[in-house]
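Beneath this line is the structure, given in C-alpha cells, with notes to follow.
FYI, it's all coordinate maths here, none of it is from the lab. This is a predicted model, so every value here is computed, not measured.
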Amino acid sequence: MMLQNIEYLIDGNGDISIGRVGPIRCAATAADEHEQLAALVRRPDESLAHLLERLDAAIGKALEDGVIFRHKGASAFPAYRSQRVFGVMEPAGFRHIGAS
C-alpha cells in the first residue's frame with residue numbers, strides 16, 4: 001500500500017491521527033502546521049487499510065486543489081478557518097459545500 005500523501009505530510013510539519021474523536025468511534029484526521037486538511041469517519045465494516053487509503057486521497061486533494069474534506073455529519077471535529085474550499089466525502093464521492 002502506497003500512502004504517498006500521508007508520508008509527504010508526516011515528513012513535513014504535519015500529522016495524522018486515527019481513533020476516537022468525541023462520540024465518533026473511529027476517525028482519521030490530517031493536519032499540516034496551519035490547518036486541518038481532512039477529517040473522515042470510518043465506515044461500518046471498513047478496513048483500516050481502506051480508511052488510510054481514503055485519508056491519503058483526501059490529503060492529496062487538499063494539498064493539490066485546496067479542498068478540505070470533512071466527513072458528512074462529523075460536527076465533532078474542530079472547525080479550522082481558512083480560505084480553502086470545503087467538501088464532504090460521501091459514499092458516492094465528493095460533494096462541494098462551499099468556501100470559508
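Counting every Cα pair in the range 1-68, what percent are over 16 Å apart? Above the 16 Å cut-off, the range 1-68 has 42 percent of its Cα pairs. Gain on full extension, evaluated as 0.36 nm per residue between His34 and Leu48 minus their Cα-Cα distance, stands at 2.4 nm.
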